[in-house]
Amino acid sequence: MFRRNYLFALAAAALIVGATSCGGGTAGTSNSSGSPGSSPSGISWQTVHVPSGAAQVAFFSVNSSNHWFLADRSKGFFRSTDQGATWTAINSGLATTLGWTINVDPANGDLIASTFSTSVSNPSTPVHFYRSSNEGASWALISTVNFDSATALTGCAFPANGNIVCGGFWAANPSSGGWVSTNGGQTATSFASAGTMGSSVYSLEVNPVKGDLWLGTEQMGIFRSTDNGLTWKQASPPDQVVDPASGIRDGNIYGITFDANGDVLFSSQGGIWKSSSNGTGFTWTKVLDNTGTANGQAMGRATSGEMFYGHNIDPTNPSSVECSADNGSTWNACDSGMPSGLLAAHFFVSPADGRLYAIMNDEATGAGTLYVTTSAVQ
């Protein structure tokens, strides 16, 4: 069910990108030449200056000092201390420069980064997690289970107690594909599969309203943790492949977000599903249907509560980003300034400027570009 062909296409595209040096720029952002699109919320986008040669941008984060960090699938990891005007490569000591995710740990400012592999079980390009306490000047390998292909598209999750919770697309049985660290990433322990989780972690998020953790899988639905990632309980049924009418179409949960009340929304093959508590568990309502066959992808949330969504290329729905300002009841295109038909792979609201950043992929070429809203979304 996992779209391995798409991942490998991104890997192949990354490898054929010509090697060029890191460069500087005169400004952190530049105007996009994309088509205007429709943005009822007034949101518009522009491209962000990224390192020279970084044509496979995969992830973006900002720390409390407004230093920027970027992962590129071919060139590795970069830091900018001047909001994207200039960039410095921070790959010293890493096994590969196949950058995938790079998070800032809110507990201490450490970087938690992951690499991906160019193929399944490829020992020459291993999937690893690393930790840096000096903004990438040096890295320490986090000893974890071995993953095939890649880590969760969302990167790691950071509950309020200081734990670090991470995962990957697939791990050998009996591993669940996820791990938790209770000491800032110095060591990590695989959380045991509950038997129903399978061996994949596609997405991880902390509920900013209620504080619980949520984890999306390939075929086994969504899971919830109320003890900071140590144990997990299934919160939606497994994907109903044979008889969709008997359940919800929740295969490939790549994106998770939360409305202003802390209710959970996730994107999947079937569209966007929203939770409501029934006292002993959760019921799920579809709030956005995939009009074609495209998987749902990234989801994000502004502090104001407005939510954002991306999906694979769909000729019947060319919008690159959709947004909802009414807790997910209605969704509209909000991609002014972007070309149509891009895939939103990652959303990030900067704590420094309140603007929304988005990693946008071109599925045809594998290119990844960083966009930012022209104004704050808070």
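We did not get these values from a lab; they are worked out from the coordinates using the rules stated. Computed from a predicted model, the values in this text were never measured in an experiment. Using ideal geometry, Cβ is built from the backbone for each residue, glycine included, and neighbour counts are taken over all protein chains shown.
Can you tell me how much longer the chain between Ser143 and Ala172 gets when fully stretched, taken as 0.36 nm per residue apart minus their C-alpha distance, in nm with one decimal?
8.9 nm
Please name which of Phe308, Ser329, Pro238 has its Cα lying farthest along the dipole of the stretch 220-378 towards the positive end, using unit charges on Cβ (Lys, Arg +1; Asp, Glu -1) and the Cα centre as origin.
Positive-most Cα among the choices belongs to Pro238.
What does the extension gain come out to for Lys286 and Ser65, with contour length at 0.36 nm per residue minus their alpha carbon separation?
Answer, rounded to one decimal: 75.6 nm.
For Cys334, what is the net charge nearby, where nearby means another residue's Cβ is under 10 Å from its Cβ and Lys, Arg count +1, Asp, Glu -1?
Within the 10 Å Cβ shell, the charges total -3.
Once you place label points 7 Å from the Cα toward the Cβ at Thr330 and Ser277, how far apart are they in nm?
2.9 nm
Taking every pair of alpha-carbon atoms in the stretch 176-238, give the share separated by more than 15 Å as a whole percent.
Counting every Cα pair in the stretch 176-238, those more than 15 Å apart make up 47 percent.
With θ set to phi - 60° and the Karplus curve 6.51 cos²θ - 1.76 cosθ + 1.60, what are the ³J(HN,Hα) couplings of the stretch 153-160 in order, to the nearest whole Hz, using x for Gly and Pro?
Coupling constants for the stretch 153-160: 4, 7, x, 8, 10, 10, x, 5 Hz.
Under 5 Å between amide hydrogens, which residues at least 5 positions from Tyr254 or on another chain qualify, with H placed 1.01 Å from N in the peptide plane?
Here Ser267 satisfy the definition.
At 0.36 nm per residue, minus the direct Cα-Cα distance, what do Thr374 and Gln186 gain on full extension? Give it in nm, one decimal, please.
Extending this stretch completely gives an extra 63.8 nm.
With a 10 Å Cβ neighbour count serving as the proxy for reagent exposure, in which order, fewest first, do His346, His128, His49 appear?
Least crowded to most crowded, the residues run His49, His128, His346.
Taking only the alpha-carbon positions of the stretch 51-180 and ignoring solvent, what does the Debye formula give for the base-10 log of I(q)/I(0) at q = 0.22 Å⁻¹?
Cα-only, vacuum Debye calculation for the stretch 51-180: -1.35.
What nm value, rounded to one decimal, do you get for the distance between Gln219 and Ser304 when each label is placed 7 Å out toward the C-beta?
A separation of 4.2 nm, rounded to one decimal place.
Please list, ordered by chain and number, the residues whose modelled amide H lies under 5 Å from the amide H of Val127; skip anything fewer than 5 residues away on the same chain.
Here the answer is Phe147, since their amide H atoms fall under 5 Å of that of Val127.
What net charge do the residues around Ser304 carry, taking every other residue with its C-beta under 14 Å from that of Ser304, with Lys and Arg at +1 and Asp and Glu at -1?
In short, -1.
Quick one: what are the phi-derived ³J(HN,Hα) couplings along the stretch 321-331, Karplus 6.51/-1.76/1.60 with θ = phi - 60°, whole Hz, x for glycine and proline?
Result, ordered by residue: 9, 10, 9, 9, 10, 10, 6, x, 5, 10, 10 Hz.
In whole Hz, with x marking every Gly and Pro, tabulate ³J(HN,Hα) for the stretch 48-61 from phi via Karplus 6.51 cos²θ - 1.76 cosθ + 1.60, θ = phi - 60°.
After applying 6.51 cos²θ - 1.76 cosθ + 1.60, I find 10, 5, 10, x, 4, x, 7, 9, 10, 4, 10, 7, 8, 9 Hz.
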